[in-house]
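Down below is the structure, laid out as structure tokens.
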Amino acid sequence: MRKLIAGMKVSVDAKMEGPEGTADWVEAWSDDYGVMAQVDACLLGGGMYPGYERYWTAIQTEPDKPAWITGNPPTPAELAYARFVARTPHHVLSSTLTSALWAGTSFVRGLEDVAALKQRPGKDIYLVGGARTTASLIDAGLVDELRLIVHPLVAGVGKALFATTQGRRGLSLREVRQLDGGRVSLVYGIG
Ligand SMILES: NC(=O)c1ccc[n+]([C@@H]2O[C@H](COP(=O)([O-])OP(=O)(O)OC[C@H]3O[C@@H](n4cnc5c(N)ncnc54)[C@H](OP(=O)(O)O)[C@@H]3O)[C@@H](O)[C@H]2O)c1
């Protein structure tokens, strides 16, 4: 069965973003999890999808301009992720959204659809976020691996990755790497 691999950039207190709705401590929204080569589909929540579509469409169409959110020109790794986005089907978990700009985007309506997606033949699936979707899919036992990039700050007030998590779940540490800028990459298996 295909694995569902979640990748999240968080502060030390596991915040995904600050009170203003962005993680201004993240310098680039590149794939720092090394997930692109092993997946052929992305899954994300209806809450984050419109902003995600806007961010990567802007980089695809105007790669020389400062990117929305970071305010910096896209990095080479962000440009690589923008190309990955263009060739990779995206599945959006939502009971309310019905349309998307990208032809490769389709909608899944509940946990059974996510379980069915994992049963289809193919490479692994990248769970892009957001917080509520990741928490609910971990609770449902559908996420196989959690890859965190921990940034060196206590963010304080903000949206926590596990704010809506219901159940306790053990994790097995698979890999730890120190990255530049004081960041740490952690890979956990979810049993
Ligand atoms: N730091 C990072 O690495 C990172 C990564 C990704 C996202 N983010 C941030 O996270 C934020 C978005 O997170 P979020 O928690 O607000 O929203 P979200 O998880 O993207 O989306 C939540 C929505 O997904 C749907 N959903 C979730 N679980 C479901 C289930 N079990 N069954 C059916 N539908 C389900 C529902 O959509 P409907 O209401 O339409 O049914 C729900 O309202 C964004 O601001 C983004 O910037 C940060």
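The values are calculated or read from the model by the stated rules, or taken from the named source; none is laboratory data. For clarity, every value in this text was computed on a predicted model and none was experimentally measured. Note that each Cβ is placed from the backbone with ideal geometry, even for glycine, and that neighbours are counted across all protein chains shown.
What the table below lists for this structure:
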| item | result |
| --- | --- |
| Any pair with Cβ under 6 angstrom, 6 or more apart, that starts in the range 156-175 at a residue that is within 13 Å of Ala14 (Cα to Cα) and ends at one that is part of a loop (DSSP other than H, G, I, E, B) | Val157/Pro19; Gly158/Gly18; Gly158/Pro19; Ala160/Ala14; Leu161/Ala14 |
| Selected residue [within 11 Å of the ligand (Cβ to nearest atom), in contact with a helix residue (DSSP H, G or I) (Cβ under 8 Å, 6 or more places away or on another chain) and among the aromatic types (Phe, Trp, Tyr)] from Trp68, Trp56, Trp29 | Trp29 |
| Meets criteria (modelled with pLDDT under 95 and in a loop (DSSP other than H, G, I, E, B)) for Pro66 | yes |
| Number of positions in the range 48-77 that are of a type outside the set (A, V, I, L, M) and within 14 Å of the chain's Cα centre (by Cα) | 7 |
| Any hit, the range 14-25, residues being within 30 Å of Gly191 (Cβ to Cβ), surrounded by fewer than 14 Cβ atoms within 10 Å (Cβ to Cβ) and more than 12 Å from the chain's Cα centre (by Cα) | no |
| Enumeration of residues in the range 85-106 that are within 23 Å of Asp31 (Cα to Cα) and either within 13 Å of the ligand (Cβ to nearest atom) or not in a loop (DSSP other than H, G, I, E, B) (or both) | Val85, Ala86, Arg87, His90, His91, Val92, Leu93, Ala100, Thr105, Ser106 |
| Filter pass, Arg147 being part of a strand (DSSP E or B), of a type in the set (D, E, K, R) and surrounded by 14 or more Cβ atoms within 10 Å (Cβ to Cβ) | yes |
| Single unsatisfied condition, Gly7 versus (1) touching a Phe, Trp or Tyr at 6+ places or on another chain (Cβ under 9 Å); (2) more than 9 Å from the ligand (Cβ to nearest atom) | (2) |
| Qualifying residue in the range 27-43 (condition: in a loop (DSSP other than H, G, I, E, B) and in contact with a Leu (Cβ under 6 Å, 6 or more places away or on another chain)) | no |
| Of all residues in the range 107-134 being β-branched (Val, Ile, Thr) and in a strand (DSSP E or B), the one that is farthest from the ligand (Cβ to nearest atom) | Ile125 |
| Among the residues listed as Gly104, Gly189, Gly122, the single one being at positive phi and modelled with pLDDT of 95 or more | Gly122 |
| Residues satisfying the stated conditions in the range 82-134, i.e. in contact (Cβ under 8 Å) with a residue 12 or more places away in the chain, among the hydrophobic types (A, V, I, L, M, F, W, C) and loosely packed, with under 14 Cβ neighbours inside 10 Å | Ala86, Leu101 |
| Conditions (1) within 16 Å of the ligand (Cβ to nearest atom); (2) in contact (Cβ under 8 Å) with a residue 40 or more places away in the chain; (3) surrounded by 14 or more Cβ atoms within 10 Å (Cβ to Cβ); number of the one not met by Ala140 | (2) |
